[in-house]
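What follows is one structure encoded as structure tokens, with my remarks underneath.
Values in this text are rule-based calculations from the coordinates and carry no lab data. Since the model is a prediction, treat every value here as computed from it, not as a measurement. Every residue, glycine as well, gets a Cβ built from its backbone with ideal geometry; the counts of neighbours run over all protein chains shown.
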Amino acid sequence: MAEALLSKKNKKLVKDGLWDANPLTFQVLGICSSLAVTTQLKTSLIMAFGLTFVTAMSNVVISLMRNYIPSKIRIIVQLTVVSALVITIDQILKAYMYDASKQLSVFVGLIITNCIVVGRLEAFAMSNPPWKSFLDGLGNGLGYSAVLVILGIIREIFGSGTLLGYHVIPRSFYDAGYVNNGMLVLAPGAFFLLGCIIWIQRAISGYAEVK
Amino acid sequence: MIHYVNLAIKSIFVENILLAFFLGMCSFLACSKKVETAVGLGFAVVFVLTITTPICWAVKNFLLKKGALAWTGLSDIDLSFLIFISFIAVIAAMTQIVEMLVEKLSPALYNALGIFLPLIAVNCAILGAALFMDQRNYNFPESIVFGFGSGVGWALAIISMSAIRKKLDYSNIPAPLRGLGITMLLTGLMSVGFMCFAGIRL
């Protein structure tokens, strides 16, 4: 008998990506874009949506083709599928959200070489049926999105005092001598913050790297 | 001439592709455990970046840009939406060719770089540099200097990080922070260091 669409096993595929095997904090994949786009919540959300879409859809496409791809040229085939999807996202962004696409600059294009996408294709989609691959891609995309949104919120509130462009820290705070932490907007702040998030997540989930 | 020196300084130190734009983090984190591997990968990246950035420039200016196909008589075709797919194809093909050439011409270098060359195709620093070249409208000599400079900057960062991680072996780090966590914090400190170069130009 065929497995139910949302059986326990399938739900676990999504959950793994979200927490136990989170792509950013556990598998160490896709760090580049997560740091570069999170100075504001808005760009983080767009990037999170784009990456989840590309991971899930490319997993489905590659999984459908998995029996016909010669293993020697599989990387090129995978990159072609992924870049076709990324071009779609990029054109949609340019057409409907021009300002956001200017802010994200090269990082939309860099979804192609985002290790999460290629990593999941290699590790999962090449050997599993489409529906499972879709769930796996979705789970990993959402896990990535969760970290991205957390980073985006912290960096925007404390770095520039706004959230989605609205001022959230009241005027009186500034009058009392509060200053935005400019370092959070710059590169080093992103590294420190992600380092701490990894620390916290691993302390809770109890995972540690062996020396 | 001074313009190119300035561009090189800018791409190596001030706007280091790894520490200011976060490109190539994955291989940076994965391959910085040993100094030898870091040196090998660093040189491979310099090599590939110096070749692929100018080639991507040529592909963009002679094939994809609006009006670039004028030499075939089709002067009003704009293929710039194909930039991603053609750049990644150029990079994947170039790493393959470079790998074969190195194997033929210098077996010693091939043994040193061997396993890293195919990995470079999916290193985001390579595609990132090509896309920056496109976005900032560099000309041909500028794209060579920029590719080379970005590669050197990346190599510098990964080699110094592997040296620091070697020292770390002797320190007692809290268990959840080991490995990835502490490396992120260190990269942050390194990035603070590199920010001191801001504003330096000849």
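Between A:G30 and A:C115, A:I116, the built amide H atoms are under 5 Å apart, and every one of these is 5 or more places off in sequence or on another chain. Highest mean packing comes first when the peptides B:58-68, A:113-123 are listed by Cβ atoms within 10 Å, giving A:113-123, B:58-68.
Amide H contacts of A:L163: A:V168, each under 5 Å away and 5 or more positions distant or on a separate chain (H built 1.01 Å from N in the peptide plane; Pro and chain starts excluded). Taking amide H as placed 1.01 Å from N in the peptide plane, the amide H of B:L23 sits under 5 Å from that of B:L18, each at least 5 places away or on another chain. Calculate the length of the line joining the C-alpha centroid of segment B:31-50 to that of segment A:5-25, in whole Å. Taking the Cα centre of each part, segment B:31-50 and segment A:5-25 sit 34 Å apart.
Candidate membrane-span-like segments in chain A, meaning DSSP H helices with Cα atoms spread over at least 30 Å of their own axis and a Kyte-Doolittle mean of 0.5 or above, are A:41-65, A:74-96, A:130-160, with no membrane implied.
Excluding same-chain neighbours fewer than eight residues apart, the lysines reachable from A:K132 by a Cα-Cα span under 27 Å are A:K8, A:K9, A:K11, A:K12, A:K15, A:K72.
Cut-off 13 Å, label point 7 angstrom out along Cα-to-Cβ of B:L189: give me the residues of segment B:27-58 whose amide nitrogen falls inside. Hits in segment B:27-58 for B:L189 at 13 Å: none. A straight Cα-to-Cα reach below 20 Å connects A:K94 with the lysines A:K42, A:K102, B:K60, B:K65, B:K66, residues fewer than 8 places away in its own chain not being considered. Between segment A:117-148 and segment B:133-202, the alpha-carbon centres lie 29 Å apart.
Above 24 Å lies some portion of the pair distances; for segment A:24-210, what is it as a whole percent of all C-alpha pairs? Write out the running numbers ahead of the final one.
Working: 7775 of 17391 pairs.
Counting pairs separated by more than 24 Å, the tail of P(r) holds 45 percent.
Ranking B:S106, B:I55, B:A8 by how far each Cα lies toward the positive end of the dipole of segment B:1-137 (charges on Cβ) leaves B:A8 at the top. Rounded to the nearest 10 degrees, the angle from helix B:140-168 to the longest Cα principal axis of chain B is 10 degrees.
Looking at the square roots a ≥ b ≥ c of the eigenvalues of the Cα gyration tensor of the protein assembly as shown, which shape do they give, rounded for a/c under 1.5, prolate if a/b is larger than b/c, or oblate? Could the numbers behind the result be given before it?
Values: a/c = 1.23, a/b = 1.08, b/c = 1.14.
Rounded, because the longest to shortest axis ratio a/c is under 1.5.
Here the spin labels are modelled as points 7 Å beyond Cα on the Cα-Cβ line, and at B:A163 and B:M1 they lie 3.0 nm apart. Over chain B, DSSP H runs of length four or greater, each weighted -39,500 (n - 2.57), average out per residue to a 222 nm ellipticity of -21000 deg cm²/dmol. Sort segment B:16-56 into rounded, prolate or oblate with this rule: let a ≥ b ≥ c be the square roots of the eigenvalues of the Cα gyration tensor; rounded if a/c is under 1.5, and if a/c is not under 1.5, prolate when a/b is larger than b/c, oblate otherwise. In terms of gyration-tensor shape, oblate.
Here the protein assembly as shown is treated with +1 on each Lys and Arg Cβ and -1 on each Asp and Glu Cβ, and its dipole about the Cα centre works out to around 600 debye.
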